[in-house]
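One structure is given below, encoded as structure tokens.
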Amino acid sequence: MAPDSSARWLSFDRDEWAVLRAATPLTIREGDLESLRGINEQIDLDEVRAVYLPLSRLLNLYVSATQNLHRVSATFLGAMAPKVPYVVGIAGSVAVGKSTFARILQALLARWPEHPKVDLITTDGFLFPNKVLEDRSIMNRKGFPESYDTKSLLRFLRDVKSGSPEVHSPVYSHVVYDIVEGESIEVRQPDILILEGLNVLQVGNESNEFVSDYFDFSIYIDADEADIENWYVARFQTLRETVFRDPDSFFKMFAHLSDDEAVEVARTIWREINGKNLVENIAPTKSRASLIVAKGADHRVSGVQLRRL
């Protein structure tokens, strides 16, 4: 899983990384994980102890150092220290477990007394509405860089980082597979903002401003493509029996497929859309992350690479 230059990274196997938890207390319980787990993910407290607690400790130290830097700068300038959120980006493929990772990290970081307000936003809300995608004939490329309203996402991050008292993010529904018109999520000067999405480390757009410019720290969730494809197929099967049965579901036509038919459809979608997006746009951004988390076929983290300062 090593990026292009080992000299740029500190590498840890699972046990080596777990030791870095030090005395960080476990502040969530098994019951808390029920609401944080994603579909078909069986993350347990051992995984939280070994992987997430060391990361929450590291980020707590980074956030504290950044807050002190803002205070020092304000003292020098003779001004009040503005409240500037610490922004963490989380990138990776569809079905790799980004959302679960982000939710657990949010829950842990919010339990540190230095930064109790931690907001989580996904870039799904910044996808163009289906009508726009259809008009541009790119509905089959939803999730690819060109399907996002990058200008709006950059404006959102610019406002967050400038300390605006209230910023709004659009809402995306995975049931109707579209932006929910008239709804938004309020972001009111959090201590930490976690932004989770497929292409948040992407650099190829027509401007010289990138989403990652606003990150203080970024995480890439990595795994073998064959494993991610299997996770996607398994998730599709579960959704076929649950969400797809909702009468309002965009994918309700898949609800009554047989097991074999569902597997074939899922692998076709992976091959033509999600796998292609991973290879062409997502995986090439891995080396731009501050931290790379490698997962094995069982979804458990096997190793971590931390970019040297």
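A compact table of results
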quantity: Matching residues in region 107-121 - criterion: being without any contact (Cβ under 8 Å) to a residue 12 or more places away in the chain and in contact with a Ser or Thr (Cβ under 8 Å, 6 or more places away or on another chain); calculated: none
quantity: Answer from PHE101, PHE128 - the residue that is aromatic (Phe, Trp, Tyr), touching a residue at least 60 places away in the same chain (Cβ under 8 Å) and surrounded by 15 or more Cβ atoms within 10 Å (Cβ to Cβ); calculated: PHE101
quantity: Condition met for LEU239 (of a type outside the set (Ser, Thr, Tyr) and not in a helix (DSSP H, G or I)); calculated: no
quantity: Pairs with Cβ under 7 Å, 6+ apart, first in region 265-280 and more than 21 Å from THR238 (Cα to Cα), second modelled with pLDDT of 95 or more and of a type in the set (Gly, Ala, Ser); calculated: ASN277/GLY143; LEU278/SER93
quantity: Complete set of residues in region 159-181 that are at pLDDT 95 or above and at positive phi; calculated: TYR177
quantity: Output for region 165-206, where each listed residue is without any contact (Cβ under 8 Å) to a residue 12 or more places away in the chain and of a type in the set (S, T, N, Q); calculated: SER173
quantity: Scope region 242-258; condition assigned to a helix (DSSP H, G or I) and surrounded by 14 or more Cβ atoms within 10 Å (Cβ to Cβ); matching residues; calculated: VAL243, PHE244, ARG245, LYS252, PHE254
quantity: Filtered residue count, region 27-43, keeping only those that are surrounded by fewer than 17 Cβ atoms within 10 Å (Cβ to Cβ) and either over 22 Å from the mean Cα position of the chain (by Cα) or not in a loop (DSSP other than H, G, I, E, B) (or both); calculated: 5
quantity: Single match in ASP222, ASP213 (criterion: buried (at least 21 other Cβ atoms within 10 Å of the Cβ), within 30 Å of SER290 (Cβ to Cβ) and either of a type in the set (D, E, K, R) or modelled with pLDDT under 95 (or both)); calculated: ASP222
quantity: Filter result for LYS117 (in contact with a Gly (Cβ under 7 Å, 6 or more places away or on another chain) and farther than 30 Å from TYR232 by Cβ); calculated: no
quantity: Helices (runs of 4 or more DSSP H) enclosed by region 97-193 - at least 2 residues per element that are of a type outside the set (Asp, Glu) and within 30 Å of THR66 (Cα to Cα); calculated: 98-109, 150-161
quantity: One residue from SER164, SER173, SER169 being under 17 Å from the mean Cα position of the chain (by Cα), more than 17 Å from ASN281 (Cα to Cα), surrounded by fewer than 18 Cβ atoms within 10 Å (Cβ to Cβ) and not acidic (Asp, Glu); calculated: SER173
quantity: Search result, residues across region 207-236 that are assigned to a helix (DSSP H, G or I), under 24 Å from ALA297 (Cα atoms) and either without any contact (Cβ under 8 Å) to a residue 24 or more places away in the chain or not aromatic (Phe, Trp, Tyr) (or both); calculated: GLU225, ALA226, ASP227, ILE228, GLU229, ASN230, VAL233, ALA234, ARG235
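The values are calculated or read from the model by the stated rules, or taken from the named source; none is laboratory data. In this text the structure is predicted, and so the values were computed from the model without any measurement. FYI the Cβ positions are ideal-geometry reconstructions off the backbone, even for glycines, and counts take in every protein chain you see.
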